[in-house]
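As structure tokens, the structure follows; a few thoughts come after it.
The values are calculated or read from the model by the stated rules, or taken from the named source; none is laboratory data. Keep in mind that this is a model prediction, so the values were computed, not measured. FYI the Cβ positions are ideal-geometry reconstructions off the backbone, even for glycines, and counts take in every protein chain you see. In case anyone asks, the SASA skips ligands and DNA or RNA and just uses the protein heavy atoms, side chains included. Shrake-Rupley method; radii C 1.70, N 1.55, O 1.52, S 1.80 Å.
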Amino acid sequence: MANHRLSSYTIFTELTDSDGKYLLTHGYTGAIDVASKDIADYLRSGAILDPAQAPFSEKTFQSLSGRGYITDKSEDEEYNFVRRMAEAFHKRSKLFKGFMFVVTYNCNFRCPYCYESGISKDGRHWTKQVFTKEMVDRAYAAMEEIEPVREFRGRTITLYGGEPLLAENREIVEYIVSQGKERGYTFGAITNGYDLESYLDLLNPETIKQLQITVDGRKEWHDRRRIHYKTGASFDKIMENIGKALANGVNISIRINTDANNFGSLAELKELFTTLGYTEYKNFSFHSARLFGDDEELTGGSEAKSATPKRNMNFFTPKEFNEKHKESGLGITCQDNGIFNKLYSAIGKKTSISFNSVYCGVQAGAYIFDPYGDIYGCWETIGKKEYMLGSLGNEKIEWLDQMDIWRNRNIGNTPQCSKCKYAFICCGGCTAKLLRHPNGVLEANCSQFPEVFAISANRAYASYLANKDKIDTPDKPSVKQ
Amino acid sequence: MKQEKTRPELLSLNDGLYSAYTVQELEQRLETDPLLLSAGLSSFDGDCKFCSPFSGDEPCDLQICEPYCPGVCLELTLL
């Protein structure tokens with residue numbers, strides 16, 4: 001008879017409001033179960049697990065085995081399986097290519113935390129370069145060179161910057177979208193929302209159909225951080241533009257850059273969105289995004305607290321950030337590496353957790369074209385020539401060695417990740433934050449993932465209990481936070 | 001070994017788990033017919049509630065969800 005042991009990929013999460021029960025999650029089968037404390041204690045006893053000695057029924061023992069928590073595989077056999085699974089997932093991810101145009105590096109805002117501010121060292125003239133029509137044509141041709149199979153090319157192109165929707169760049173943006181539409185693409189844009197009135201005729205579900213707009217809390221905080229280079233204050237104009245774009249049927253996602261300083265204004269901002277009627281739109285949403293400092297990017301480890309405050313910012317660690325949102329009771333969605341969505345979706349749809357072996361498209365099929373004809377994979381490194389993947393060239397793309405560094409990383413070939421029970425959910429963390437790590441990018445970037453997982457797993461289970469009737473009864477809408 | 005209690009000791013919240021079989025199927029599909037893996041991927045249109053921040057009434061809270069990241073699409077299924 002085979003020796004059974006606790007799988008190395010079993011995650012135990014104490015359910016804080018459920019009388020000592022545990023949420024069991026399995027790191028490569030994707031199972032989610034609720035277990036009694038007795039079961040959890042037995043599994044963690046460190047013993048060889050014998051069905052005859054178990055303090056629960058044989059049926060339960062078999063269930064635990066079938067779902068992966070009890071295994072007859074050795075540690076090495078499990079590690080090898082995870083590595084194989086990670087490679088397969090990575091190959092799958094690499095099939096799909098997504099494209100982004102950095103219309104210009106120029107921006108009409110002067111935000112104190114901007115991670116792109118470093119590229120301004122090359123001078124204002126350098127940042128003012130804008131795509132030309134010839135380069136747009138070249139970029140579209142390059143997309144087909146990169147991926148000849150239409151089905152593997154993403155059908156939504158993202159416009160990025162700098163600020164991609166500056167009023168002064170209307171002509172080239174119109175050219176980009178008209179050429180894209182002829183080829184069957186639609187567009188999204190990451191914008192500060194200030195000059196949107198110059199683009200209203202392009203903002204519709206068939207053209208530029210999605211906008212992510214950053215609003216940093218209530219007016220007082222926003223205007224202190226999101227500073228227009230001429231007018232200073234930007235809040236009122238952005239709010240007005242959001243209403244216009246919503247009326248055009250554009251999907252708008254508001255990103256609230258949050259630190260400890262402006263956290264207290266989230267409630268007011270939420271109320272304002274309601275007062276303005278924006279929350280009535282199905283195409284409107286908002287979420288809180290954690291600000292972090294440069295030193296956190298450098299360390300990349302689980303000690304995620306940024307030691308050096310940056311220009312009056314007061315950063316949260318990932319754990320603090322999630323705790324604060326949970327405690328607030330505001331119900332504002334916040335970044336948690338997708339843990340809540342992954343777990344709650346799996347529960348709601350009765351499927352496995354959606355796993356991946358890469359954290360971001362830069363490790364698979366993301367291509368970012370800038371106004372100099374340079375190609376990058378990660379938008380956090382655009383404009384930094386040392387991280388270029390290649391350049392468009394006149395007729396044929398010229399690739400650089402950087403490509404391999406970015407594209408080869410997955411959780412299977414990152415030693416610490418391949419042995420981590422959270423790896424297929426965490427996906428290894430941001431590669432860009434590891435670029436200057438002394439050991440290179442084949443390192444784990446944990447960023448307090450286990451701590452955040454515990455918070456979000458409890459949240460997912462609480463949401464399940466709140467919606468249990470809908471979820472467990474077929475033919476009713478199931479997944480709703 | 002105890003008899004099972006009236007109330008289940010283990011409550012399974014989901015199904016459709018990954019296994020050696022499903023991984024092998026994916027590997028074979030990648031080799032023989034990868035195009036099939038692109039079928040029905042609403043998320044790849046940028047409309048996925050997981051993989052896009054522009055998700056309407058169910059906003060995505062993924063740090064990784066930026067819309068140019070089809071490689072991390074969570075609506076991708078194994079087959």
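Pop out the ³J(HN,Hα) list for segment A:39-53 in order, Karplus 6.51 cos²θ - 1.76 cosθ + 1.60 with θ = phi - 60°, rounded to Hz; leave Gly and Pro as x.
My calculation for segment A:39-53 gives 5, 4, 5, 5, 4, 8, 6, x, 7, 5, 8, 10, x, 6, 9 Hz in order.
Show the residues, 5+ positions off or on another chain, whose built amide H is closer than 5 Å to the amide H of A:Cys107.
Amide H neighbours of A:Cys107: A:Glu163.
Based on the Cβ-Cβ distance of A:Asn439 and A:Asp404, what FRET efficiency does E = 1/(1 + (r/R0)^6) give at R0 = 25 Å, to the nearest 0.05? Display every interim value, and only then the final one.
Working: r = 17 Å, r/R0 = 0.67.
E between A:Asn439 and A:Asp404, to the nearest 0.05, is 0.90.
A:Ala267 to A:Gln416: FRET efficiency via 1/(1 + (r/R0)^6), r the Cβ-Cβ distance, R0 45 Å, to the nearest 0.05?
Details: r = 39 Å, r/R0 = 0.87.
After rounding, the FRET efficiency stands at 0.70.
May I ask for the equivalent-ellipsoid semi-axes of chain A, computed as the square root of five times each C-alpha gyration tensor eigenvalue and listed largest first in whole Å? Write out the running numbers ahead of the final one.
On the way: eigenvalues 337, 146, 91 Å².
Rounded to whole Å, the semi-axes are 41, 27, 21.
Under a plain spin-label model, where a point goes 7 Å from the Cα along Cα-to-Cβ, how far apart in nm are A:Glu171 and B:Leu35?
Taking the simple label geometry, A:Glu171 and B:Leu35 are separated by 4.2 nm.
What ratio of Cα Rg to 2.2 N^0.38 Å holds for segment A:42-82?
Values: Rg = 11.0 Å, N = 41, 2.2 N^0.38 = 9.0 Å.
Taking N as the residue count of segment A:42-82, the ratio is 1.22.
At 1.4 Å probe size, what's the solvent-accessible area of A:Trp126? Round to the nearest 10 Å².
For A:Trp126, the solvent-accessible surface is approximately 40 Å².
Using +1 at the C-beta of Lys and Arg and -1 at the C-beta of Asp and Glu, which of A:Phe101, A:Thr127, A:Phe61 has the Cα lying farthest in the positive direction of the dipole of segment A:47-140?
Farthest towards the positive pole: A:Thr127.
Would you check the accessible area of A:Arg290, probe 1.4 Å, heavy atoms only, in square angstrom rounded to 10?
20 Å²
Show me you know the interface measure: the accessible area buried between B and A, both chains summed, probe 1.4 Å, in Å² to the nearest 100.
Roughly 6500 Å².
Between A:Asp201 and A:Ala141, what FRET efficiency follows from the Cβ-Cβ distance if R0 is 22 Å, with the result rounded to 0.05?
Working: r = 27 Å, r/R0 = 1.23.
After rounding, the FRET efficiency stands at 0.20.
List the residues, sorted by chain then number, that are 5 or more residues from A:Leu15 or on another chain and whose placed amide H is less than 5 Å from its amide H.
Correct list: A:Lys21, A:Tyr22, A:Leu23.
Please get the size of the charge dipole for segment A:325-395, origin at its Cα centre, with Cβ charges of +1 on Lys and Arg and -1 on Asp and Glu, quoted in debye to the nearest 20. Before the final figure, lay out each step's value.
Working: 6 positive and 7 negative charges, 100 e Å.
Roughly 480 debye for segment A:325-395.
Could you name the aspartates and glutamates in cross-link range of A:Lys349, using Cα to Cα under 19 Å and dropping any fewer than eight places away on the same chain?
Result set, ordered by chain and number: A:Asp33, A:Asp469, A:Asp472, A:Asp475, B:Asp15, B:Asp47, B:Asp57, B:Glu58, B:Asp61, B:Glu75.
So for segment A:133-233, taking the charge dipole from beta-carbon charges (+1 Lys/Arg, -1 Asp/Glu), which of A:Trp221, A:Phe187, A:Met143 sits furthest toward the positive end?
A:Trp221
In sequence order, what are the phi-derived ³J(HN,Hα) couplings for segment A:407-419 according to the Karplus relation 6.51 cos²θ - 1.76 cosθ + 1.60 with θ = phi - 60°, rounded to whole Hz, with x for glycine and proline?
7, 8, 7, 9, 6, x, 9, 9, x, 5, 5, 5, 9
Please report the projected area of segment A:327-481's Cα convex hull averaged over all directions, in nm². It would help to have the intermediate numbers written out before the result.
Working: hull surface 49.3 nm².
That works out to 12.3 nm², a quarter of the Cα hull's surface.
How would A:Asp370, A:Asp50, A:Asp223, A:Asp236 rank on accessible area, largest to smallest, probe 1.4 Å?
The ranking, largest first, comes out as A:Asp236, A:Asp50, A:Asp223, A:Asp370.
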